[in-house]
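The block underneath contains the structure these notes are about, expressed in structure tokens.
Rule-based calculations on the coordinates, nothing more; no lab input. Given the structure is predicted, the values throughout are model-derived calculations rather than measurements. Backbone-built Cβ (ideal geometry, glycine too); neighbour counts: all protein chains shown.
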Amino acid sequence: MRLCELKPADTIGKEFECECGKTHKTPLKYADISADAIQKLPDVIKALGGTNAYLIADDNTMKAAGDAALSLLRKDGIKATAHLLGIEEGFERPEPTEQTLGNLVMGYDKNCDIIIGVGGGVVNDMGKLLSKLGHIPYVYIPTAPSMDGYVSDSSSVIYNGVKSSVPSKCPDALVCDTSILAKAPKKLILAGIGDMAAKLISVCEWRIGALVTGEYYCEEVAEIMRKYRRLVLDNAEAAVNGDEKAVRSIAEGLTLAGTAMTFAGVSRPASGVEHYYSHLWDMRCLAEKRQCELHGIQVGVGTLLALEKYEKLKEIKPDKNKAEKAALSFDRTAWERGVREYFGASADTVIKIEDREGKYSPGKVLARQKIIFDNWDKILQTVEEELIPAQQLRDLFIKIGHPTIAEEIGEDAETAFCHTGDIRDKYILSRLMYDIGER
Ligand SMILES: [Zn+2]
Ligand SMILES: [Zn+2]
């Protein structure tokens with residue numbers, strides 16, 4: 001059986017020996033993605049040995065599912081206390097900051113023996129982190145199909161001003177009630193569609209990364225993402241109209257995106273340059289103290305921007321001499337100045353990342369250039385095989401009401417693109433453009 005034929009529940013408790021050389025498995029112990037899944041919550045908690053639950057939510061998600069979860073637990077004799085994540089003044093949602101985590105830790109009930117997160121990405125990230133710190137089981141109840149971190153083992157948090165991926169605990173159980181999800185605000189459903197559209201770019205860049213840097217790649221895992229990306233985009237219109245079956249496809253895709261990352265041991269299957277736009281915009285918002293757009297929407301816009309860039313890449317005839325000259329004339333001082341201008345307070349962290357990785361060091365760039373020029377046709381073929389025309393996605397986004405340009409979400413695209421190559425070590429389009437002297 002191919003991995004892409006598995007439903008989330010089929011991945012539990014099994015090991016898959018794969019041609020890529022890895023044995024793929026997930027630490028997830030339970031996954032139910034169905035209407036009325038929440039009704040089984042007390043059984044799930046008991047099966048994990050829980051008797052006293054610490055439930056994390058925010059104001060909105062408490063109403064969407066937290067209250068129902070609490071009453072189901074109490075009816076079954078399971079103790080439960082709720083902690084609502086604070087929302088800073090001027091913001092609509094809690095932010096994944098040190099402040100939010102600190103607040104949660106201070107309110108932590110040390111007698112609890114299980115954590116339940118009820119809500120979106122930030123609630124889940126906090127739950128995953130807290131259960132790792134407390135060494136107790138964690139159950140996640142999503143309230144919207146809005147992002148793909150359901151069952152990943154990392155959290156996206158703002159750490160020292162930089163959006164970072166921090167190792168966390170994968171939820172032990174996913175209780176995903178699709179009748180709750182289908183009632184989520186339309187915007188949150190659009191966000192989930194954006195986060196699944198992203199898999200166009202992430203899979204493409206995973207293959208390019210493997211070609212250029214020799215990093216690990218698994219075709220079976222990549223195929224899971226292709227399948228669900230197609231399914232979600234094909235049913236996007238029905239999903240935004242609250243069709244439960246279409247919403248369930250998004251939820252399954254988002255869940256499997258997390259599983260795919262666990263299978264691969266890297267975030268490659270689910271995240272490429274489109275996610276880097278999002279990380280940068282988040283950092284800018286934090287620095288400027290304004291509410292950022294939903295992750296999935298940012299990523300959807302980033303996907304469209306990346307598709308346009310890849311279309312331009314296909315037109316470029318890279319020039320070896322020009323590329324070499326550009327690599328050798330890397331001006332560290334000018335680069336640092338640009339980083340300081342763009343990143344402000346978090347520039348030091350970004351500069352430290354470069355000190356550690358030497359992404360721009362001419363020797364490394366020249367070595368990659370050789371591979372790139374020898375394999376240019378293969379790179380273009382990968383782009384051709386993996387991507388769809390930007391116009392096709394733009395038409396769909398317009399039809400369903402998903403933003404299509406950065407300005408629509410109050411962000412800048414061009415400067416952000418250049419800096420996408422600065423924040424982490426993943427090989428993405430902006431790095432490739434730099435390596436061929438075209439950035
Ligand atoms: Zn594999
Ligand atoms: Zn994402």
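I'd like to compare 371-381, 426-436: which one has the highest average count of other Cβ atoms within 10 Å, and what's the full order after that? Could you put the intermediate results ahead of the total?
On the way: 371-381: 14.5, 426-436: 23.1.
Going from most to least packed, we get 426-436, 371-381.
Helix-only mean residue ellipticity at 222 nm, the chain, DSSP H runs n ≥ 4 weighted -39,500 (n - 2.57), per residue, nearest 500. What is it? Don't jump to the answer; show the numbers that get you there.
On the way: 20 runs with 229 residues, N = 439.
Computed ellipticity for the chain at 222 nm equals -16000 deg cm²/dmol.
With springs only between Cα atoms under 10 Å apart, run a GNM on the chain and tell me which of Lys110, Lys245, Lys169 wobbles the most.
Highest fluctuation of the listed residues: Lys110.
For segment 192-435, with only Lys/Arg (+1) and Asp/Glu (-1) charged at the beta-carbon, what is the dipole magnitude about the Cα centre, in debye rounded to 20? Don't skip to the answer; put the middle values down first.
Working: 34 positive and 41 negative charges, 110 e Å.
Its charge dipole is roughly 520 debye.
GNM, the chain, Cα, under 10 Å: largest mean-square fluctuation among Ser165, Ser146, Ser154?
Comparing Ser165, Ser146, Ser154 in a Gaussian network model of the chain, the most mobile one is Ser165.
With N residues in the chain, what two-decimal value do you get for its Cα radius of gyration over 2.2 N^0.38 Å? Show your work: numbers first, answer last.
Working: Rg = 21.5 Å, N = 439, 2.2 N^0.38 = 22.2 Å.
For the chain, the normalised Cα radius of gyration comes out at 0.97.
By per-residue mean of other Cβ atoms within 10 Å, what is the highest-first order of 25-36, 301-312, 89-100, 46-57? Present the calculation step by step, with values, prior to reporting the outcome.
Details: 25-36: 18.5, 301-312: 22.8, 89-100: 16.2, 46-57: 20.5.
Ranked by mean Cβ neighbours within 10 Å, highest first: 301-312, 46-57, 25-36, 89-100.
With point charges of +1 on the Cβ of Lys and Arg and -1 on the Cβ of Asp and Glu, referenced to the Cα centre of segment 13-184, which listed residue (Asn160, Ala80, Gly127) lies farthest in the positive direction of the dipole?
Sorting the options by dipole projection puts first Ala80.
From the square roots a ≥ b ≥ c of the eigenvalues of the alpha-carbon gyration tensor of segment 13-184, which class results: rounded (a/c under 1.5), prolate (a/b over b/c), or oblate? Before the final figure, lay out the partial values.
On the way: a/c = 1.40, a/b = 1.07, b/c = 1.31.
Rounded, since a/c falls under 1.5.
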